[in-house]
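Just so it is clear, none of the values below were taken in a lab; they were calculated from the coordinates. Please read these numbers as outputs of a predicted model, since none were measured by experiment. Neighbour counts run over all protein chains shown; Cβ positions are idealised from the backbone, glycine included.
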Amino acid sequence: MDALISNTLPVGGGLSSSAAIEVGTAQAFLTLAGLKMDPQRIALVCQKAEHEYALVPCGIMDQTIVTSGKQGFAMLLDCRDLSKHFVPIDASELRVVIVNSMVHHELTGSEYATRRQQCEEGVRLFQKDNPQVKALRDVTMKQLEAAKGKLSDVVFRRCRHVISENGRTIDAANLLNKRQYEEAGELMVKSHHSMRDDYEISTPELDFLVEEAMKIKGVYGSRMTGGGFGGCTVSLVQPRSVENFIKTIEQTYQQKFNIKPNAFATTATAGVSVLE
């Protein structure tokens, strides 16, 4: 085959550009061969490519949303049993605005692996008392607090981020389902603070973008997205406020860092498809 790849996602921006190209390529191969494959199996094959070729020990979330995304819905994914719950995102009520900081530090792969190792160190400690613990999702915040003296400060904070983030994710899905956008937005900001302070993957540029976003009328919430150390923020914004949001955030960011960010509005769209 001869192939031409056209891309509008910023590479290295934390917007799953690698998952998009993996899944898109897999779908192209299958289509040319006249074959079909279960979407979740495609996602797992693409994750394997990340692990064994790119040597990035990534999870399964990015590949799964690219294979299985539904128009007008966010997806709550259980990474253990791969079950999916779809949460309505009404484009007439909510827009997702991406702001690319245009700053990317080449730390994401190695730092991601380090964070994962630190979390696994925490898991091993909890397994000594309870062999049923397979991942940090099996540990409660109460159990973590009780083990504080047994973990290094860094490992404790890494674990605290993951455990609290799991809770925020489930709560956010429930709030979006009820159209309680203000409360969901508050969780986004808490999530960003946790990534900044406990997981330590944010940057001054991302912190600034989140802080400035929350000053703008019509913004429900904002946080960094992706592997960190640069890349993009994602904000939930009222549709009528999008134009002012983009104009204001571009202006304040350029004044602060002398860099023009790239901002664009989107909404929940479907995953991979064949265009004929």
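What's the FRET efficiency of GLU182 with ALA270 using the Cβ-Cβ distance as r and R₀ = 35 Å, to the nearest 0.05? Numbers along the way, then the final one.
Numbers: r = 28 Å, r/R0 = 0.79.
Plugging the Cβ-Cβ distance into 1/(1 + (r/R0)^6) gives 0.80.
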For the stretch 69-266, with the dipole built from +1 on Lys and Arg beta-carbon atoms and -1 on Asp and Glu ones, taken about the Cα centre, which of ILE246, CYS79, TYR199 lies farthest toward the positive end?
CYS79
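Using the crude model of +1 on Lys and Arg Cβ and -1 on Asp and Glu Cβ, and no other charge, please compute the dipole size for the stretch 169-276 relative to its Cα centre, in debye to 20.
Numbers: 11 positive and 14 negative charges, 74 e Å.
Around 360 debye, computed over the stretch 169-276.
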Against the 2.2 N^0.38 Å scaling, with N counting residues, where does the stretch 148-196 land? I'd like the Cα-based Rg ratio to two decimal places.
1.34
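What helices in the chain pass both tests, a Cα length along the helix axis of 18 Å or more and a mean Kyte hydropathy of 0.5 or higher, using whole DSSP H runs? Mind showing how you got there, number by number?
Values: long enough: 17-33 (24 Å, 1.04); 108-129 (33 Å, -1.41); 153-177 (36 Å, -0.24); 181-197 (24 Å, -1.09); 242-257 (22 Å, -0.79).
Passing helices, by number: 17-33.
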Once the Cα atoms of the stretch 52-150 are picked out, what are the Rg and Dmax in Å?
17.8, 50
Two-site label geometry, SER6 and HIS85: point separation in nm, points 7 Å out along Cα→Cβ:
3.9 nm
For GLY221, which sequence-distant residues (separation of 5 or more, or a different chain) have an amide H within less than 5 Å of its own amide H, given hydrogens modelled in the peptide plane?
LEU236
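Work out how much length LYS142 to LYS217 would gain on full extension: take 0.36 nm times their residue separation and subtract the Cα-Cα distance, in nm to one decimal. Present the calculation step by step, with values, prior to reporting the outcome.
On the way: separation 75, 0.36 × 75 = 27.00 nm, distance 3.69 nm.
My answer for the length gained is 23.3 nm.
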How big is the chain by the Kirkwood estimate over distinct Cα pairs, in Å?
20.0 Å
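Can you tell me the dipole magnitude for the chain around its Cα centre, using point charges on the Cβ only (Lys, Arg +1; Asp, Glu -1), in Debye to the nearest 20? Provide the component values of the computation, followed by the final result.
Working: 31 positive and 33 negative charges, 104 e Å.
It comes to approximately 500 debye.
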Work out how much length MET37 to SER152 would gain on full extension: take 0.36 nm times their residue separation and subtract the Cα-Cα distance, in nm to one decimal.
36.9 nm
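Tell me what the chain gives for mean residue ellipticity at 222 nm when only DSSP H runs of n ≥ 4 count, each as -39,500 (n - 2.57), the sum divided by the residue total, rounded to 500 deg cm²/dmol. If you can, show how the numbers build up before the last one.
Details: 9 runs with 132 residues, N = 276.
Helix-only estimate at 222 nm: -15500 deg cm²/dmol.
What trypsin sites (Lys or Arg not before Pro) in the stretch 89-140 are in a loop by DSSP, with at most 14 other Cβ atoms within 10 Å of the Cβ?
Numbers: sites: ARG95, ARG115, ARG116, ARG124, LYS128, LYS134, ARG137; in loops: LYS134.
Of the trypsin sites (Lys or Arg not before Pro), the ones in loops of the stretch 89-140 whose Cβ has at most 14 other Cβ atoms within 10 Å are LYS134.
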Length gained, ASN258-ALA49, 0.36 nm per residue minus C-alpha separation, equals 71.5 nm
Could you order peptides 30-39, 182-191, 230-239 by the average number of other Cβ atoms within 10 Å of their residues, highest first?
230-239, 182-191, 30-39
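Step by step: find N for the stretch 142-260, compute 2.2 N^0.38 Å, then divide the Cα radius of gyration by it. What's the final number? Intermediate values should be presented prior to the final figure.
Values: Rg = 15.9 Å, N = 119, 2.2 N^0.38 = 13.5 Å.
Dividing the Cα radius of gyration by 2.2 N^0.38 Å gives 1.17.
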When N is the residue count of the stretch 7-68, what does its C-alpha Rg come to as a fraction of 2.2 N^0.38 Å?
1.07
